[in-house]
1. Among the residues of the stretch 95-116, what is the count of those that are in a strand (DSSP E or B) and within 15 Å of the ligand (Cβ to nearest atom)?
2. Among the helices (runs of 4 or more DSSP H) confined wholly to the stretch 1-82, which include 1 or more residues that are without any contact (Cβ under 8 Å) to a residue 40 or more places away in the chain?
3. Looking only at the stretch 16-32, which residues are surrounded by fewer than 24 Cβ atoms within 10 Å (Cβ to Cβ) and basic (Lys, Arg)?
4. Inspect the stretch 28-37 for any residue being near the ligand (Cβ under 9 Å from one of its atoms), more than 27 Å from Gln193 (Cβ to Cβ) and at pLDDT below 95 and give the result as yes or no.
5. Please work out if Arg179 is in a loop (DSSP other than H, G, I, E, B) and at pLDDT 95 or above.
6. Can you confirm whether Arg129 is assigned to a loop (DSSP other than H, G, I, E, B) and either surrounded by fewer than 16 Cβ atoms within 10 Å (Cβ to Cβ) or within 17 Å of the chain's Cα centre (by Cα) (or both)?
Amino acid sequence: MAAANIRIVLLGPPGAGKGSLAQLFDQRLGWRHLSTGEIFRHEIAKGTALGRRVQRYVANGRLVPDALVVEVMAHRLTASGKGRRGFVLDGFPRTAAQAAGLDAVLTRRGLPLDGAIYVTSPREVLVRRLAGRLVCSRCGANYHVRTMRPKRPGVCDQCRGALTTRKDDQPATIRTRLRVDAQQVKPLLSYYQQQRLLRRLNGIGHIETVYRRSRQLFRRLGWVKSAHDRAQKSR
Ligand code: AMP
């Protein structure tokens, strides 16, 4: 395999492209994609106890309390064997307290992080992406009404699930989410900077362009060994 079993967190504001990028890392590099946002949306749709607890935070673009998010992720990461194959956490951690909570969980399991990748984009790009985003209701894949259209309108290319608009991608909630993110980001970045884990990734451009950029970064870090990843090999 071209990629080592690497464990990373993907940081960045809403609309930075974390979800789409994490899906490509999963499909092409074999790093398991775990998204707190997706977990929460799934639980809300199923009407579980967890879903009911997080519903109002997600609907309003507010952060779910740190202790609860860390508990949910600890559970997902400690289920048997998970984490051994490498993973990419998307949308978690979002605060320095969550980062410390994650460290405690990973240290207990002897699975330290390899890196924290901060995906950056100007605000106008973030707003444009969020406002035109379509999400598969079944597998969570992301599309965009103009820049990343599905092959068949309204249908996911990967699983044929129905594409929907996220309720929290409404203009007022987008503004709240960007504000909340801006309040948390500095201490979060300092946390990983102090650990010498922080890497910046320019998130401007088409997802495949950003993916290529990330591959260059990973090659420099020795995380992937050749230009050929799984998807390219199987073509
Ligand atoms: P996302 O899909 O990452 O944009 O997350 C959607 C929503 O889920 C956020 O606006 C929050 O309400 C909630 N959420 C996701 N991840 C976290 C997290 N790490 N901490 C707190 N809330 C979160």
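1. In the first step, residues of the stretch 95-116 are kept if they are in a strand (DSSP E or B); the result is 115-116.
Adding the requirement that they be within 15 Å of the ligand (Cβ to nearest atom) leaves 116.
Total meeting the criteria: 1.
2. Numbers: elements: 18-24, 36-46, 49-60, 66-78.
It comes to 36-46, 49-60, 66-78.
3. Once the filter is applied, which keeps residues that are surrounded by fewer than 24 Cβ atoms within 10 Å (Cβ to Cβ) and basic (Lys, Arg), the stretch 16-32 yields Arg28, Arg32.
4. Step one: list which residues in the stretch 28-37 are near the ligand (Cβ under 9 Å from one of its atoms), which gives 35-37.
Restricting the remaining residues to those that are more than 27 Å from Gln193 (Cβ to Cβ) gives none.
No, every residue in the stretch 28-37 fails to be near the ligand (Cβ under 9 Å from one of its atoms), more than 27 Å from Gln193 (Cβ to Cβ) and at pLDDT below 95.
5. Values: in a loop (DSSP other than H, G, I, E, B): no; at pLDDT 95 or above: yes.
No: the conditions fail for Arg179.
6. Numbers: assigned to a loop (DSSP other than H, G, I, E, B): no; either surrounded by fewer than 16 Cβ atoms within 10 Å (Cβ to Cβ) or within 17 Å of the chain's Cα centre (by Cα) (or both): yes.
Considered against the rule, which asks whether it is assigned to a loop (DSSP other than H, G, I, E, B) and either surrounded by fewer than 16 Cβ atoms within 10 Å (Cβ to Cβ) or within 17 Å of the chain's Cα centre (by Cα) (or both), Arg129 comes out as no.
The values are calculated or read from the model by the stated rules, or taken from the named source; none is laboratory data. Since the model is a prediction, treat every value here as computed from it, not as a measurement. Virtual Cβ from ideal backbone geometry, glycine too; neighbours counted across all protein chains shown.
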